[in-house]
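Following: one structure in structure tokens, then a few remarks.
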Amino acid sequence: MAKREDDDENLLEGNGMDRKTLLEAHGLLLKEMESLDKELACYSDNDPAEIQRKIEETKRLKDSAIRWTDNIESLESYIGTLATDRNQMAEIMLAACGDEYVFGEGLKDL
């Protein structure tokens, strides 16, 4: 064990740096890396990969909203066959959709 510690000391001394100096340098480099990551995050709005990710996410969310709008309109049509009174149907849709449903018009546009 003592021989191994001596070998480690010799390796470190080969560079002229001891363990303490290397650990200090490592700490400084980690701090610098954190600050550079923060600076890079400031420029993420102009990153082509980030822009493409946002475009794809927006498209996915829009498709999802359209799909759910179609589902709600299908339910509205089905409720229309069950409920004979337009006011009763509007109350059901208002309770289900909240502020997104406008009486006489249907769902608000995106």
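The values are calculated or read from the model by the stated rules, or taken from the named source; none is laboratory data. Because the structure is predicted, anything quoted here is derived from the model rather than measured. So basically every Cβ, Gly included, is an ideal-geometry build from the backbone, and we count neighbours across all protein chains shown. Accessible surface is based on the protein model in full, side chains and every heavy atom, while ligands, DNA and RNA are left aside. Shrake-Rupley method; radii C 1.70, N 1.55, O 1.52, S 1.80 Å.
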Taking into account only those residues within the stretch 37-55 that are among the aliphatic types (A, V, I, L, M) and open to solvent by 90 Å² or more (accessible area, probe 1.4 Å), which is modelled with the highest pLDDT?
-> 55
Within the stretch 69-78, can one find any residue that is open to solvent by less than 90 Å² (accessible area, probe 1.4 Å), of a type in the set (A, V, I, L, M) and in contact (Cβ under 8 Å) with a residue 12 or more places away in the chain?
-> yes
Does the stretch 87-105 hold any residues that are at pLDDT 80 or above, exposed (fewer than 15 other Cβ atoms within 10 Å of the Cβ) and aliphatic (A, V, I, L, M), and which are they?
-> 94, 95, 96
Show the residue pairs that are 6+ apart or on different chains and have beta-carbon atoms under 6 Å apart, the first residue being within the stretch 87-110 and part of a helix (DSSP H, G or I), the second being small (Gly, Ala, Ser).
-> 89/80; 89/83
Within the stretch 52-66, can one find any residue that is in contact with a strand residue (DSSP E or B) (Cβ under 8 Å, 6 or more places away or on another chain) and on the phi < 0 side of the Ramachandran plot?
-> no
Matching residues, the stretch 34-55, being of a type in the set (D, E, K, R), part of a helix (DSSP H, G or I) and under 20 Å from the mean Cα position of the chain (by Cα) | 37, 38, 39, 45, 50, 53, 54
Out of curiosity, is residue 31 closer than 30 Å to residue 100 by Cα, part of a helix (DSSP H, G or I), out of contact with any Ser or Thr (no Cβ under 7 Å at 6 or more places or on another chain) and modelled with pLDDT of 90 or more?
-> no
Selected residue [loosely packed, with under 11 Cβ neighbours inside 10 Å, of a type in the set (S, T, N, Q) and in a loop (DSSP other than H, G, I, E, B)] from 58, 84 | 84
